[in-house]
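Asks: Pasting a structure below so you can have a look.
The values are calculated or read from the model by the stated rules, or taken from the named source; none is laboratory data. Remember, it's a predicted structure, so these values are computed and weren't measured experimentally. Cβ sites come from the backbone with ideal geometry, for glycine too, and all protein chains shown count toward neighbours.
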Amino acid sequence: MTRAVAEDIFKGIDSLVTESNVRLFWLKDESSLAKFGDVAIAAAEALIADDQQSMDSHLWWRQDWDQLQESADGITLDAQGLSPFISGMAKFLPDLSRKSNDESFVKNVRETMVPTAAAFGILAVPDGMDFTQRLQCGQIWQRIHLWGTTQGLAMQPLNQMCERADRERQLGIEPVIGNAVADLVGDEQWNAIMPFRLGYPTVEALLSPRRGLDKVIG
């Protein structure tokens, strides 16, 4: 994702954010990119160091084919952007342990997700605990992602920093990541909900699993 993104693309994305309760913050210059990357990596490291949060996150991993067919969701090898050879070999090998998956996740954040992004964005709302605002934020994320696909862009959530900020609040501990995320936004009236990276892909990822209507509507 190292190819530069033209300014009119950013303007096109901005035009899709029409709800007054959602705002998009861009981080595009060298200093902002580095700052976002530091927070993303620190959040990933903090997440895997928290045993409970690591276990909860690992529940979304789908290596077993039968489990994937039953759940029709989660994180899979096919959606990792791996080469066909590596992906094929991984499917024949025993599933990685949670610890190995955690280490791989942090390595990917540090060596791939952060340095190859052309830009980062953060969708934010005034009240991060308001479910209606969070839903609107999700709808705008879908809108942006779908439009980006028509422009040949790739986008990927990097929401471990928000997950970690929520965990800090839950535990009542010092908001190290929470403060860092607020600093990225740079406006105390807005709360980060969806951080993401974007750029032009150099590797094709296969489709992620999605639930059919029969699994969503009873």
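Asks: Yes or no: Thr149 polar (S, T, N, Q), at pLDDT below 95, loosely packed, with under 15 Cβ neighbours inside 10 Å and in a loop (DSSP other than H, G, I, E, B)?
Replies: Considered against the rule, which asks whether it is polar (S, T, N, Q), at pLDDT below 95, loosely packed, with under 15 Cβ neighbours inside 10 Å and in a loop (DSSP other than H, G, I, E, B), Thr149 comes out as no.
Asks: Can you tell me how many residues within the range 16-42 are closer than 23 Å to Arg3 by Cα, over 18 Å from the mean Cα position of the chain (by Cα) and small (Gly, Ala, Ser)?
Replies: Summing the residues that are closer than 23 Å to Arg3 by Cα, over 18 Å from the mean Cα position of the chain (by Cα) and small (Gly, Ala, Ser) in the range 16-42 gives 1.
Asks: Kindly list the number of the only condition in (1) touching a strand residue (DSSP E or B) at 6+ places or on another chain (Cβ under 6 Å); (2) more than 24 Å from Ser31 (Cβ to Cβ); (3) modelled with pLDDT of 95 or more that fails for Leu123.
Replies: (2)
Asks: Now, a different point. Taking only pairs six or more apart or across chains, which ones have beta-carbon atoms under 6 Å, a first residue in the range 115-133 that is in contact (Cβ under 8 Å) with a residue 12 or more places away in the chain, and a second residue that is part of a strand (DSSP E or B) and of a type in the set (Phe, Trp, Tyr)?
Replies: Gly121/Trp26; Gly121/Phe196; Ile122/Phe25
Asks: Would you mention how many residues in the range 188-218 are without any contact (Cβ under 8 Å) to a residue 60 or more places away in the chain, of a type outside the set (Gly, Ala, Ser) and part of a loop (DSSP other than H, G, I, E, B)?
Replies: 2
Asks: In addition: Can you name every one of the helices (runs of 4 or more DSSP H) wholly within the range 1-78 that holds 3 or more residues which are in contact (Cβ under 8 Å) with a residue 12 or more places away in the chain?
Replies: Per the criteria, 7-14, 30-49, 51-58.
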